[in-house]
Each structure stands twice: as C-alpha cells, then as structure tokens.
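Chemist: Can you read through this structure? Questions will come right after.
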C-alpha cells in the first residue's frame with residue numbers, strides 16, 4: 001500500500017468550481033503596516049510575500065492549496081522569480097492581483113502575476129515565476145496528478161487567448177541610449 | 001576605522017575592495033519558515049534586501065542617507081533563482097557582485113550560500129535606483145557614492161559573470 005495516492009486517483013477533498021475567467025482575478029489583499037520600511041512604502045521584499053499568496057490562490061484553483069500540503073500529497077517549489085517594481089504602495093493600500101498561466105508541462109508552471117492598487121487601479125508590480133511540483137516523500141520533482149493536469153489544461157486553453165504580458169520574459173540590465 | 005572625507009554628512013565605512021563583496025552574514029529565522037518546512041520564497045528576498053543594506057553602507061547610501069533626508073534607494077527590478085532549500089537556524093553567507101552602474105543606477109547580483117556546508121542556496125539580481133528625498137524622483141548618486149562605484153566596478157568586472165545573471169524565465173522544451 002503506497003503512502004501517497006496514485007497519480008490517477010482523485011484528491012481526498014472537494015475542489016472548487018474551476019474559474020476560467022482569464023486572467024484569474026480572485027486574489028485580494030492589503031498592505032500590512034509591518035510591510036512598510038524606512039522609505040515610508042511597502043518594502044521590496046514584501047512584494048514577493050504578497051505574490052506568494054496570489055500564487056496560493058492559483059494553486060487552490062488547480063486543487064493544490066493548503067489541503068494538498070496538509071494531506072502530504074506533495075508541494076510546489078518556486079525555481080525562479082522576476083519582479084518589476086512599477087509604483088510605490090503605502091501601508092493600508094488595498095491590492096488586487098491577477099494571474100495568467102503562461103505555460104506548463106507535466107511538472108512545471110510558468111505564471112505571471114500582476115499587482116494593482118485595488119481602488120486607484122494603477123499597476124504596482126508584476127511577478128513572473130517558474131514553479132515545480134515536488135513529491136512530499138522524496139522531496140524531488142514529480143508530475144502533477146491527473147486531476148491537476150486536467151484543470152491546468154482547461155486553464156491553459158482559456159489563458160492562452162490572452163496576449164503575452166509586455167513585462168514577461170524580461171532580463172535585468174541597465175539600458176544604454 | 002578610517003573615516004574618509006566625503007560630501008555626505010556622516011561617517012562611511014572604509015571601502016572594501018574584496019570582490020565579490022563578502023561581508024554579509026545572517027541566520028534563517030523561525031518566522032521565515034513556511035508550510036513546506038523550509039525558508040519561504042518571500043523571505044529569501046528579505047534576507048537579500050539586508051545584503052543590499054550592506055552594499056548601501058559601503059556606498060554611503062545606507063540608513064543615515066534616508067535618516068538625514070538626503071535620499072533613498074529604490075529597487076526597480078529583481079530576479080531570484082532558488083537553487084536549494086535552507087532550514088531554520090541555517091547560517092547564511094551572502095556575497096555581492098557589481099555588474100554595471102551609471103550615474104543613477106547600480107546593477108548587481110547577490111549569491112546566498114549555506115555558510116557551513118558551502119552550497120549555493122539562491123541568487124538575486126537587482127537594479128537599484130538613487131532617489132532624491134524631497135522630490136522622490138530619480139537623481140544622480142552623491143559624488144562619494146559615484147567615486148566608490150567607479151572604484152569597485154573595474155575590480156568586480158574581473159570576476160566571471162555569474163551564470164544566473166541575465167536570465168529569462170521560460171520552460172525550455174526538449
């Protein structure tokens with residue numbers, strides 16, 4: 001008897017109805033006071049923390065939220081992330097996040113999050129990330145289970161119709177005139 | 001410590017010409033650990049931001065620079081690679097290599113190592129912009145900061161370019 005469920009088995013909890021609105025537009029947050037630094041704005045490091053929660057909202061959609069971890073079915077590790085800091089945010093500012101699935105394969109997700117001021121609507125930041133599925137027991141990369149892959153395929157179809165975000169695929173450098 | 005004469009109204013550390021800069025040490029705190037039992041992705045950036053403070057202290061644009069209402073530094077863009085897990089209590093060593101700079105910006109990459117075991121845990125490549133305190137807009141570096149960047153840049157340029165620098169995120173198809 002294996003300790004973990006086989007890939008083809010359903011998840012041992014109820015999944016949310018799949019939201020095929022593209023980009024995913026469900027995650028909301030607020031800039032916490034402890035995220036504000038000596039420059040009087042949200043500290044650069046806290047953007048990654050905020051984006052990690054938006055990533056959690058996406059994971060919940062595909063069936064890999066908190067219960068996936070708690071049931072020791074596996075986890076995901078971020079391999080790489082790229083953040084653009086587009087505008088400052090003050091303590092208490094409401095945040096709205098959208099998430100576009102740019103690409104995926106059997107083990108990996110390529111996501112693009114956009115953070116907006118929730119009321120004023122301006123772009124505050126973007127975060128592009130590469131995420132790998134990890135087996136809970138071996139702590140090595142492993143394929144998503146079938147039910148997750150099915151959800152990803154449906155989302156990829158819906159998200160694939162969106163234009164590629166202009167701030168995706170960037171590399172860091174000082175541009176020369 | 002020798003205090004250099006500068007255009008900044010507070011003492012600045014002696015410039016460290018060791019390349020890469022190898023001054024920053026830290027420990028993985030309990031509150032940096034997540035559900036997966038390792039340092040959370042967000043806290044790698046917190047740890048790297050403190051290494052940026054170490055760089056800024058070397059350049060004379062650390063905490064006193066903002067305290068004295070002269071200026072601030074803002075990160076414009078950041079790229080992190082997560083190379084290996086670290087756990088609560090692990091000692092960290094962070095080195096910093098300057099890759100490029102101009103009159104307002106500096107482009108650099110931090111490398112985080114497990115301080116005892118020596119393995120690479122993560123990298124963080126960044127662009128930092130100098131900001132005028134009053135206008136909150138981009139401005140030229142203080143003269144002393146520019147002198148220090150001009151001194152460090154050719155020394156750091158002799159190092160090989162880290163393979164994690166200049167990456168684009170993509171799934172490479174076989």
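The values are calculated or read from the model by the stated rules, or taken from the named source; none is laboratory data. For clarity, every value in this text was computed on a predicted model and none was experimentally measured. Here Cβ is always computed from backbone atoms with ideal geometry, including for glycine, and neighbour counts include all displayed protein chains.
Chemist: Take residue A:58 and tell me if it is surrounded by 23 or more Cβ atoms within 10 Å (Cβ to Cβ), in contact with a strand residue (DSSP E or B) (Cβ under 8 Å, 6 or more places away or on another chain), more than 11 Å from chain B (Cβ to nearest Cβ) and in a helix (DSSP H, G or I).
Modeler: In short, yes.
Chemist: Looking at A:80, A:128 in this structure, which one is within 23 Å of residue A:157 (Cα to Cα) and within 10 Å of chain B (Cβ to nearest Cβ)?
Modeler: Every option except A:128 fails the conditions.
Here's the yes/no breakdown for (1) modelled with pLDDT of 95 or more; (2) in contact with a strand residue (DSSP E or B) (Cβ under 9 Å, 6 or more places away or on another chain); (3) closer than 13 Å to residue A:113 by Cα:
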| residue | (1), (2), (3) |
| --- | --- |
| A:25 | yes, yes, yes |
| A:33 | yes, no, no |
| A:42 | yes, yes, no |
| A:48 | yes, yes, yes |
| A:62 | yes, yes, no |
| A:66 | no, no, no |
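Chemist: Pairs only if they're at least six apart or on different chains, beta carbon under 6 angstrom, first in segment B:36-51 and closer than 23 Å to residue A:65 by Cβ, second part of a strand (DSSP E or B) and at pLDDT 95 or above; list them, first residue then second.
Modeler: B:41/A:78; B:44/B:122
Chemist: Pull up segment B:55-76, narrow it to residues that are out of contact with any helix residue (DSSP H, G or I) (no Cβ under 7 Å at 6 or more places or on another chain) and buried (at least 23 other Cβ atoms within 10 Å of the Cβ), then point me to the one that is farthest from residue B:113 (Cα to Cα).
Modeler: Only one residue tops the list, namely B:65.
Chemist: Any idea how many residues of segment B:17-51 are buried (at least 20 other Cβ atoms within 10 Å of the Cβ) and assigned to a loop (DSSP other than H, G, I, E, B)?
Modeler: Result for segment B:17-51: 2.
Chemist: Among the listed residues B:94, B:131, B:109, identify the single one that is within 20 Å of residue B:8 (Cβ to Cβ) and part of a strand (DSSP E or B).
Modeler: B:131
Chemist: For segment A:143-161, which positions are surrounded by 14 or more Cβ atoms within 10 Å (Cβ to Cβ), out of contact with any strand residue (DSSP E or B) (no Cβ under 6 Å at 6 or more places or on another chain) and assigned to a loop (DSSP other than H, G, I, E, B)?
Modeler: Listed by number, the residues that qualify are A:143, A:145.
Chemist: If you don't mind, another one. Which of the residues spanning segment B:52-66 are part of a helix (DSSP H, G or I) and over 20 Å from residue B:137 (Cβ atoms)?
Modeler: B:52, B:53, B:54, B:55, B:57, B:58, B:63, B:64
Chemist: Inside segment A:97-106, can you point out the residues that are away from every other protein chain (no Cβ under 14 Å) and closer than 18 Å to residue A:63 by Cβ?
Modeler: A:99
Chemist: With the condition kept exactly as written, say whether any residue in segment B:80-91 is free of Cβ contacts under 8 Å to residues at least 60 places away in the same chain, facing another protein chain (nearest Cβ under 10 Å), over 30 Å from residue A:76 (Cβ atoms) and not in a loop (DSSP other than H, G, I, E, B).
Modeler: Among the residues of segment B:80-91, not one is free of Cβ contacts under 8 Å to residues at least 60 places away in the same chain, facing another protein chain (nearest Cβ under 10 Å), over 30 Å from residue A:76 (Cβ atoms) and not in a loop (DSSP other than H, G, I, E, B), which makes the answer no.
Chemist: Looking only at segment B:58-79, which residues are without any contact (Cβ under 8 Å) to a residue 24 or more places away in the chain and facing chain A (nearest Cβ under 9 Å)?
Modeler: Hits for segment B:58-79 are B:63, B:67.
Chemist: Please find, within segment A:107-124, the residue that is nearest to the chain's Cα centre (by Cα) out of those that are more than 10 Å from every other protein chain (Cβ to nearest Cβ), within 15 Å of residue A:25 (Cα to Cα) and assigned to a strand (DSSP E or B).
Modeler: A:113
Chemist: Cβ contacts < 6 Å: first residue touching a residue at least 12 places away in the same chain (Cβ under 8 Å), restricted to segment A:52-75; second residue assigned to a loop (DSSP other than H, G, I, E, B) and buried (at least 22 other Cβ atoms within 10 Å of the Cβ), any location; separation 6+ or different chain. Result?
Modeler: Short answer, once both residue conditions are applied: none.
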